[in-house]
Structure formats: C-alpha cells, structure tokens
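Here is the structure we will look at.
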Amino acid sequence: MEGSFMKHGRQCDVTITKTHLKCSLKNNIGPNVQLEVSLSDVLAVQTQSRENSNINSVVVHYAGNKKDKVLTWEKLVLAGEPELCKEVNNVFSYAFADRHRPKHYLVLINPRSGKKTARRIFHKKVAPLFRACGTTFKVYETTGPNDAKTAFQDVDFSTLDGVLVVGGDGFYSEVVTALVLRQQQANGIDADDPEATLTPLTFPVGIIPGGSGNYVTKYLHGSTDPVTAAIKIVLGKTTPTNIVSLHQGSKLQAYAGLLLGFGLFGDMMYMCEKYRWMGNVRYKIFPVKCIFSRRLINAEVEYLKESTGQWHKANGSFYSVETGVVDLADKETKLVPVFGDSALNLHLVTECPLGDHIKQLTKVADWVSGAYDFNFVQTERVLRYRVSLASLPTVKLAGGEEVLADHYYVNLDGEAILIDKPSFDVRLHTGIFQIFGEMQL
Ligand SMILES: Nc1ncnc2c1ncn2[C@@H]1O[C@H](COP(=O)(O)OP(=O)(O)OP(=O)(O)O)[C@@H](O)[C@H]1O
C-alpha cells in the first residue's frame, strides 16, 4: 500500500511492501530523508485517535540497529486521515497474521543481582516496551536465594508464553533448576536419579541481564544491553539450549546452563562469593590470587565418549576438570559460543608450569582460538562424566557419614557448590528448553 502522512509537520510518503516499510520524508532545505524498516524488525503497530480532530496517528515500534550488536527501541509516529491509518493497521495485521509473538510472561527479578539495579532495569527500560507491544506479565521479586520457586505457586503455566529472568547467570541457573525440577515432578520423574531422562520445558526462558557477569546474554546476543535482550524476547525467536546435571551422593545439586568447573574454577568462585561485599573488583583480585595458589587434585575421571559410546578413564592430578554447557568452539581467530551442542567438551588440565597455565587461561578469557590446544589440557567430547576423589583424606561426621577432609568446589554458572562427597556425576541433557534469542556469530 501507499499513502501520504504527516510527520512533525512535514509530508511523509509511506510504502508498505511484503517485506519492508519505506518512508520518504520531504525536506525543504535538502534531499528527502529516507527510512526503511524490515517488517521482521517491527515490534508492534498502534493506531491512536486524536480528540476533536479528523486526524489519527499510527505508531510503528521497531528494532533499530546500533553498533556492537546493540538494538534500540525506535518509534515512527505518522499522522493521517482515519481511513488511511486504519488501512495501515489492516496491512500490518495481514502481514503479521502467521507470526507468533509471545503475549504473556512470568517475570522473576533478583533485586540483589549485580549492582542491585535489576528491579529498575525491568520497570524503567523493559516493562514500557512490553506494554507498548501488547504483552502482559506477572512480576515476582525474590526475597532471598532459592526463593524463585515461590513464584510458581498459583501460576497456570499453560497460559505462559515464557518465563523471564532479570538478573545474572547464577540466578538464571537457579530459575532454570526450579523450572526443570517442577516439570520433572509434574511428570513423575525422580531428578535425584542421575540415570533419569528429563522431560523438556514447554515454554521458552528469557534473560534480561542484571547481574555482574551476564555471560549467557553476552554469548547469545553479543551484548549485555537489557533493551536488546527485551527486543529479542518480543521478537519471539528462540534457540534450543542444554543443561548439565550435577549429582553428589544420590542427590541432585543443581542444573547448570552455562558452565561447570571443578578445582581451580571452583576455588575462584568460592573466594569471589565469600568476598561479595567487595563488589565487582573481587573478580579482578581472587582469580589471580587463586591461580598463584593453584592446587593439584588427585582424581579419577571416567567419561562417556560421544564418538564411541564407551566409558574411558583418566587417572592423575588435575588443576581443573571443566566443561562449558554453552561450548566455546574455535572459529578462525576467535572462540565462539555454541548453544545446544550434541556433546560437552570436557577439559582436564594437568600439571604444567605456571606461566603456561596463565597463557592458556588468558586465551580463554580473551576468547582467542586455540585456548585449549596445550599439551597439558586433555579435551574429550563426552555425554557424561564421573569424578572420583577416593584417594583424598576423609573424616567421619557424628552421624557416621564420611566426607572429604578438605574443601573443594564446583563453579556452577558462577555459584560455588561445595563438593564434600568422594565422587560427583555430571551429565548432559540436550534440548531441555528454548531460550529467547538467536545466536549472533
Ligand atoms: N532476593 C535475593 N537476595 C539475595 N540473593 C538472592 C536473591 N534472589 C536470588 N538470590 C541469589 O543471588 C545469587 C546471585 O545472583 P545473580 O546471578 O542474579 O547475580 P550476580 O552473581 O551478581 O551475577 P552473575 O551471576 O552474572 O555474575 C543467585 O545464586 C541467587 O540464588
């Protein structure tokens, strides 16, 4: 369709094709200003009638592209005769007839995430966008750790188009764990059984970054901007993602959606959690301190190889036993994140000179390819693995239970989990849910 509107008192000729909206804004002192918006970037269209006037307006909300993969919420306001505005609205309704956009969300906010700004981020930057796009939401603010599941009481999950997490990676993992557990309970599956096959979630999960690291959003959108994340959620495209279960004894500890690292990474996270009051500066101090006091841990690692379907064994002393749930794969000179891979890359880091170790860790931190191509890093593509710490000293508790005498930790999505049993199990569960957004390579 074609039509002439007014924009800020100037004539604006609009053409809407099957794929684009094109505007040509008359400019008296220079060439006309052209604007072209792909219909796939249109977030919503509203028509507004003006009191005591025979002119209405159409507001087109769309995603604008800034540099560094950041998206902006843009509005094009066009004034025109009521019939013309109605026609524009009809054209968009027709063009969008077969597109499914989420309509109703459950939003969980961790008010203590990062710099404690998650609440403000959601209400000031995200909620107005959702409202403009006609989406409704129910908000729950947690009152402390492990409170996310309280939000699920009285929620009819069949009416939800998604659950949104406003916070950091640790909170994402807490919410995902609570959602996956709820789904298993509803389907009579014992999540404490490491052999259990999990039932997937029936709705996508989205993240509005509000934490300190925000790596899941960084990996997925290439930016940690909350408006970009909100726009991706409104656009409704999703990516399948995996989780990894961590079992100790006969108990599920948690599900990880980002990473799981035992040894050095666990120690680093434990120290960062212990000194949380120091703010983000702790992430600069303690990783370095932990590298200089790195400890070798005697362990036997059994792993189920993807290629052979057979169990294999590695015995020795390791600085770390680590896996990315979102894998990092070599692509030209960079490491790029891979969601929903068919296997885990298990990295076993063995004895090596400190300088080489720092070089290797720096490559990982800088996302440089070849970060795992060192002779002291053994990498295997696995579906699951078991770490046995049977050779480490243990003590008997009053109740007779035997626990490890020293403290060891797993870094699970940025949270430190104490490993006090002589073994733990890690298992990949593929395609357990969809996450809002598309990979930006
Ligand atoms: N209301 C709350 N008060 C205190 N802690 C909370 C609350 N709600 C959730 N938590 C806990 O806070 C922990 C950290 O939260 P989150 O991941 O959002 O922030 P972060 O650690 O600053 O960010 P990142 O993980 O990206 O570095 C989570 O493990 C979560 O269980």
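The values are calculated or read from the model by the stated rules, or taken from the named source; none is laboratory data. Quick caveat: nothing in here was measured; it's all calculated off a predicted structure. Glycine gets a Cβ as well: all are built from the backbone with ideal geometry, and neighbour counts include every protein chain shown. Note: accessible area is taken over every heavy atom of the protein model, side chains too, but ligands, DNA and RNA are not part of it. Shrake-Rupley method; radii C 1.70, N 1.55, O 1.52, S 1.80 Å.
Residue-wise HN-Hα couplings along the stretch 414-426, as the Karplus relation 6.51 cos²θ - 1.76 cosθ + 1.60 with θ = phi - 60° gives them from phi, are x, 10, 8, 10, 6, 9, 10, 8, x, 7, 9, 10, 10 Hz; Gly and Pro carry x. Coupling constants for the stretch 347-352 follow from the phi torsions by the Karplus curve (6.51 cos²θ - 1.76 cosθ + 1.60, θ = phi - 60°), and in residue order they are 10, 10, 9, 9, 3, 6 Hz; glycine and proline get x. Note on Lys289: lysines with a C-alpha under 21 Å away, same-chain residues under 8 apart excluded, are Lys274, Lys359, Lys363.
Considering only Leu76, Leu428, Leu335, the Gaussian network model of the chain with Cα springs below 10 Å gives its largest mean-square fluctuation to Leu76. Local charge for His312 was computed over the other residues whose Cβ lies under 13 Å away, with Lys and Arg +1 and Asp and Glu -1, and equals +1.
Rolling a 1.4 Å probe over the protein heavy atoms gives the chain an accessible area of 47 Å² per residue.
For the chain, the residue among Tyr385, Ser4, Ala95 whose Cα projects farthest onto the positive side of the dipole built from Cβ charges is Ser4. According to the Cα-based calculation, Rg over Rh for the stretch 108-239 is 0.96, with Rh computed by the Kirkwood formula. Just so you know, the Rg over Rh for the stretch 268-319 is 1.23, from Cα atoms, with Rh as the Kirkwood radius.
Sorting Glu81, Glu415 by solvent-accessible area of protein heavy atoms yields Glu81, Glu415, largest first, with a 1.4 Å probe. Rounded to the nearest 10 square angstrom, Arg282 shows an accessible area of 10 square angstrom against a 1.4 Å probe. Across the stretch 320-328, rounded Karplus estimates of 3J(HN,Hα) from the backbone phi angles (6.51 cos²θ - 1.76 cosθ + 1.60, θ = phi - 60°) give 7, 10, 9, 9, x, 5, 8, 5, 10 Hz, Gly and Pro being marked x. What you get for the chain, charging only the Cβ of Lys and Arg (+1) and of Asp and Glu (-1), is a dipole of about 1500 debye around the Cα centre.
For Thr72, the residues whose amide H sits under 5 Å from its own are Gly64, Asn65, Lys66, ignoring neighbours fewer than 5 places away on the same chain, with H placed 1.01 Å from N. Each helix, a run of at least 4 DSSP H residues, gives -39500 (n - 2.57); summed and divided by the residues of the chain, these come to -6000 deg cm²/dmol at 222 nm.
Of the residues Gly222, Ala314, Phe376, the one whose Cα sits farthest toward the positive end of the charge dipole of the chain, with +1 on the Cβ of Lys and Arg and -1 on the Cβ of Asp and Glu, is Gly222. Counting only residues at least eight positions apart within a chain, or on another chain, the aspartates and glutamates with an alpha carbon under 16 Å from that of Lys125 are Glu74, Asp225.
Using the Kirkwood radius built from alpha carbon pairs, what does the Stokes-Einstein equation give as D for the stretch 299-441 at 25 °C and 0.890 mPa s, in µm² per second? Roughly 145 µm²/s, to the nearest whole number.
Would you mind estimating how fast the chain diffuses translationally, via Stokes-Einstein at 20 °C and 1.002 mPa s with the Kirkwood radius over Cα pairs, in µm²/s? Stokes-Einstein gives a translational diffusion coefficient of 89 µm²/s. Its Cα centre serving as origin, the stretch 188-299 has a Cβ charge dipole (Lys and Arg +1, Asp and Glu -1) of approximately 660 debye. Taking amide H as placed 1.01 Å from N in the peptide plane, Asn298 has its amide H under 5 Å from the amide H of Phe318, each at least 5 places away in sequence or on another chain. Close amide H contacts of Thr394 (hydrogens built in the peptide plane, cut-off under 5 Å, sequence separation of 5 or more or a different chain): Ala405. Using a cutoff of 8 angstrom between alpha carbon atoms and counting only pairs six or more residues apart, the relative contact order for the chain works out to 15 percent. Sorting Trp311, Trp277 by solvent-accessible area of protein heavy atoms yields Trp277, Trp311, largest first, with a 1.4 Å probe.
Rolling a 1.4 angstrom probe over the chain with all protein chains present gives an accessible area of which 50% lies on carbon and sulfur atoms. In the stretch 225-267, the C-alpha radius of gyration followed by the widest Cα-Cα span (Dmax) gives 15.7, 43 angstrom. Full extension of the chain segment joining Thr117 with Thr394 gains 95.4 nm, where the gain is 0.36 nm per residue of separation less the Cα-Cα distance.
Taking label positions 7 Å along the Cα-Cβ direction at both His312 and Arg295, the computed distance is 2.9 nm, reported to one decimal. Rounded to the nearest 20, the Cβ-based charge dipole of the stretch 352-441 about its Cα centre (Lys and Arg +1, Asp and Glu -1) stands at 220 debye. Candidates Phe203, Ser423, Val281 compared by Cα position along the dipole of the chain: farthest toward the positive end lies Val281, with charges placed on Cβ. Considering only Gly236, Gly279, Gly114, the mean-square fluctuation computed in a Gaussian network model of the chain, springs between alpha carbons under 10 angstrom, is largest for Gly279. Note on the chain: GNM, Cα springs under 10 Å; of Val403, Val321, Val387, the largest mean-square fluctuation is that of Val403. Stokes-Einstein D for the stretch 89-159 at 25 °C, 0.890 mPa s, Kirkwood Rh over Cα pairs, in µm²/s? Taking Rh from Cα pairs, D becomes 172 µm²/s.
When only alpha carbons of the stretch 207-363 are considered, Rg and Dmax amount to 17.4, 49 Å.
When Ser391, Ser173, Ser423, Ser40 are compared by accessible area of protein heavy atoms, the largest-first order is Ser391, Ser40, Ser423, Ser173, using a 1.4 Å probe.
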